[in-house]
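Structure, as structure tokens:
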Amino acid sequence: MTYDFSLLSFDALILIGALVHLERELLPQVLESMSRALSEDGLLFLTLKEGCEIQLGSDGRSFTLWQQPDVESVFSVSGLRVEHFSRQTSRLRKTDIWLSYLLRFLPV
């Protein structure tokens, strides 16, 4: 999978739970690709599940879990500034915690 967004242009991207199955080491590459699709002052809103390592679902799917300092380190290295952060308990499953970020790509 290439995650090539370079031919697209958006003022904002919204990824609610869209990256939970993405392998941890691919996140910087995907963020960099998304940055090319955003307008100069574009925003990225994304949510990730909180936890440690990988969680396997009863259906065999794997979920990449994140700790706040770890994912924010990836954001920083990827040229992203956190504009807003929140942490919520899922309404569907009380054991799931979601990390929500509003991010802005810093000019190069």
Testing Val20 on (1) assigned to a loop (DSSP other than H, G, I, E, B); (2) surrounded by fewer than 16 Cβ atoms within 10 Å (Cβ to Cβ), one condition comes back false. Which one is that?
(2)
Please work out which residue is farthest from Val77 (Cα to Cα), limiting yourself to segment 35-47 and to residues that are touching a strand residue (DSSP E or B) at 6+ places or on another chain (Cβ under 6 Å) and not in a strand (DSSP E or B).
Ala37
Please count how many residues of segment 28-63 are more than 21 Å from Ser6 (Cα to Cα), of a type outside the set (Lys, Arg) and touching a Gly at 6+ places or on another chain (Cβ under 9 Å).
3
Being loosely packed, with under 11 Cβ neighbours inside 10 Å, among the hydroxyl-bearing types (Ser, Thr, Tyr) and either assigned to a helix (DSSP H, G or I) or within 15 Å of the chain's Cα centre (by Cα) (or both), is that true of even one residue in segment 76-87?
yes
Only one of Leu92, Leu46, Leu102 that is touching a Ser or Thr at 6+ places or on another chain (Cβ under 8 Å) and of a type in the set (A, V, I, L, M)
Leu46
Which residue out of Phe45, Phe63, Phe10 is touching a Phe, Trp or Tyr at 6+ places or on another chain (Cβ under 9 Å), among the aromatic types (Phe, Trp, Tyr) and surrounded by 11 or more Cβ atoms within 10 Å (Cβ to Cβ)?
Phe45
Subset tally (residues that are over 12 Å from Arg24 (Cα atoms) and either at pLDDT below 95 or not in a helix (DSSP H, G or I) (or both)) for segment 58-74:
4
Would you point out the residue of segment 48-57, among those that are not in a strand (DSSP E or B) and not charged (D, E, K, R), that is nearest to Ile14 (Cα to Cα)?
Gly51
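The values are calculated or read from the model by the stated rules, or taken from the named source; none is laboratory data. In this text the structure is predicted, and so the values were computed from the model without any measurement. Heads up, the Cβs are rebuilt from the backbone with ideal geometry, glycines too, and the neighbour counts pull from every protein chain shown.
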